[in-house]
Each structure stands twice: as C-alpha cells, then as structure tokens.
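Encoded as structure tokens, the structure appears first; notes follow it.
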Amino acid sequence: MILPSENQYYLDIFKTWIFPIVELSIVSYVIYKVSKAVKRFNLNKNESFDFFTTLKSTCSEILPKRVAIPVVTEIAVFYYGFINWRKRKLYKNEFSYHKDSGTVTLLLAIICIVAIETVVLHILLSKWSDIAAWVLTFISIYSGIQIFGFLKSMYQRPVSIENGKLHLRYGIMNETIIDLRNIDSIEISSKDIELNKETRKLSFLGELESHNIVIHLKEKNTLTGLYGIKRNYHNIAFYIDDKNNFVNSLNDAIENREL
C-alpha cells in the first residue's frame with residue numbers, strides 16, 4: 001500500500017515464491033513435531049494420547065502465542081473432520097458425552113441449514129454480483145467444514161480422569177482441567193441453572209444443550225474455548241452419557257487422591 005507499483009518487483013517475488021515456501025515450511029515442521037510426539041506415545045501405551053493437546057504444545061513451542069492458537073484450531077478442524085475416522089475406544093477412566101445429549105443431531109441440522117441457505121443465497125446474490133455470491137458461498141462452505149470438524153472432535157476427545165485431575169473436554173470447542181482436590185461437591189442434576197460468571201456450561205451451545213452433572217469447586221478455575229478464549233468459573237455443568245458410572249469413578253479417584 002505504501003510502495004509505488006513500479007517499486008514492488010521484489011515484493012511481488014516474495015509474495016509469489018518466498019511466502020508460500022515459508023508457510024509450507026512451518027506447516028511441515030508442525031506435522032514433523034506432532035509425528036514425533038505420536039511415535040513417543042506409541043512407545044508407551046500406558047499413557048493416554050490426545051492429538052489436540054499435543055498439537056497445542058507443539059505449536060506453542062515454534063509459533064508466537066497469538067498465531068499458535070488459530071493455527072492449532074484450523075489444523076484440528078481438518079484433522080478431526082477429514083483425517084481421523086478411526087473409532088475411539090474408551091478406557092475405564094474415559095467417558096463419552098455426545099451419544100444421548102442431542103448435540104450431534106443439532107449440529108447436523110445446522111450443517112443442513114447452512115447448505116440449504118448457501119444454495120438459495122448464492123442464486124439470489126448472483127443476480128446482483130457473482131463475486132459477492134461466490135465469496136458468501138466460500139464462507140458458508142468453510143463454516144460448514146468447521147462445524148463438521150467440531151462435531152467429529154467430540155467423538156475423539158472424551159472426558160477423562162487421570163493423574164489426580166479431571167479433564168473436561170467438549171470436542172475442540174471447550175476444555176478445562178480440574179484438580180480433584182479443588183472439587184467441593186458433585187451433583188447429579190438436570191435442573192435449569194442460571195448461567196453467569198460463576199456458573200458456566202462446558203458446552204459452547206450453552207442453554208441449547210442439557211446437562212446432568214454439576215460440579216462445584218472450592219476455588220475458581222479457567223474454561224478455555226475456541227481460539228484460546230478464557231473464562232473463569234466456580235461451578236460447571238455438563239452432560240455425561242453414563243452419569244452414574246462417572247460420578248462413582250470420580251468419587252473413587254477423589255478418595256484415592258486424599259489417601
């Protein structure tokens with residue numbers, strides 16, 4: 001924008017040749033580092049492996065903090081949506097939350113709505129501007145891909161109890177780690193709750209999704225959402241498919257932790 005057009009020869013070379021090489025080099029290095037982490041995991045089957053956590057750790061080492069989280073999110077969307085189709089086997093300390101909550105149906109419905117709206121709006125906008133129609137179509141398709149990636153990540157990232165901590169995950173959309181010593185009480189409840197700065201839901205859908213577990217903490221904790229957005233909470237509500245087994249396992253883990 002600053003340089004006159006006749007003085008942009010080397011800038012054009014950089015944009016055409018150098019920048020794509022730099023971009024591909026960064027992506028290749030990230031993939032290389034993640035593959036090394038996967039190999040280390042395969043050497044020790046006793047440890048649970050989470051691709052998203054490993055990806056965040058890898059990118060935070062080689063990329064600036066502000067850049068790392070968006071890159072992680074974009075890679076994870078395509079990884080869970082189109083690469084990882086293997087069925088996730090749950091261990092004794094892991095618990096699913098997507099089978100009976102209705103979230104999968106809701107997200108699939110949203111994807112269908114986006115697809116229908118994209119076709120209709122593309123036809124209408126093309127009568128005014130082909131460029132605007134294709135721009136909106138591209139944004140809609142990309143939004144649908146992101147939602148699909150979010151949906152698939154729920155199958156691969158279960159809630160787990162390990163190493164004295166409760167790992168609450170909602171796909172790649174939200175997650176928090178709770179030290180078992182910080183848990184004040186565990187409540188099995190589906191009653192409506194008032195969401196505020198003290199009480200939050202693990203689901204990014206908020207009140208659109210039901211819950212059957214509420215955990216009250218002794219001290220505030222942090223909920224990390226998409227693109228690294230952080231929010232504090234004192235109580236957190238979420239859905240677990242096998243709620244009774246989850247509560248029993250969590251209580252046992254807390255008792256063993258205290259011992």
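Derivation of every value follows stated rules applied to the coordinates shown; laboratory data play no part. Bear in mind that the values here come from a model prediction, so they are computed numbers and not experimental data. Cβ: placed from backbone, ideal geometry, glycine included. Neighbour counts: every protein chain shown.
Each row is one residue, and each column tells you yes or no for (1) within 22 Å of the chain's Cα centre (by Cα); (2) farther than 30 Å from Phe78 by Cβ.
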{"residue": "Lys152", "(1), (2)": "yes, no"}
{"residue": "Ile161", "(1), (2)": "yes, no"}
{"residue": "Asp179", "(1), (2)": "yes, yes"}
{"residue": "Asn182", "(1), (2)": "no, yes"}
{"residue": "Lys191", "(1), (2)": "no, yes"}
{"residue": "Leu202", "(1), (2)": "yes, no"}
{"residue": "His216", "(1), (2)": "no, yes"}
{"residue": "Ile240", "(1), (2)": "yes, no"}
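Mind listing whichever residues of segment 163-211 are in a loop (DSSP other than H, G, I, E, B) and either closer than 18 Å to Leu106 by Cα or in contact with a Cys (Cβ under 8 Å, 6 or more places away or on another chain) (or both)? Of everything in segment 163-211, those that are in a loop (DSSP other than H, G, I, E, B) and either closer than 18 Å to Leu106 by Cα or in contact with a Cys (Cβ under 8 Å, 6 or more places away or on another chain) (or both) turn out to be Gly171, Ile172, Met173, Leu202, Ser203, Phe204, Leu205, Glu209, Ser210, His211. Determine whether Ile215 is surrounded by 13 or more Cβ atoms within 10 Å (Cβ to Cβ), in contact with an Asp or Glu (Cβ under 8 Å, 6 or more places away or on another chain) and not in a helix (DSSP H, G or I). So Ile215 fits the description; yes. Would you please name the residue that is farthest from Arg169 (Cα to Cα), looking only at residues in segment 227-259 that are of a type outside the set (A, V, I, L, M, F, W, C) and part of a loop (DSSP other than H, G, I, E, B)? Applying the filter and picking the extreme gives Asp242.
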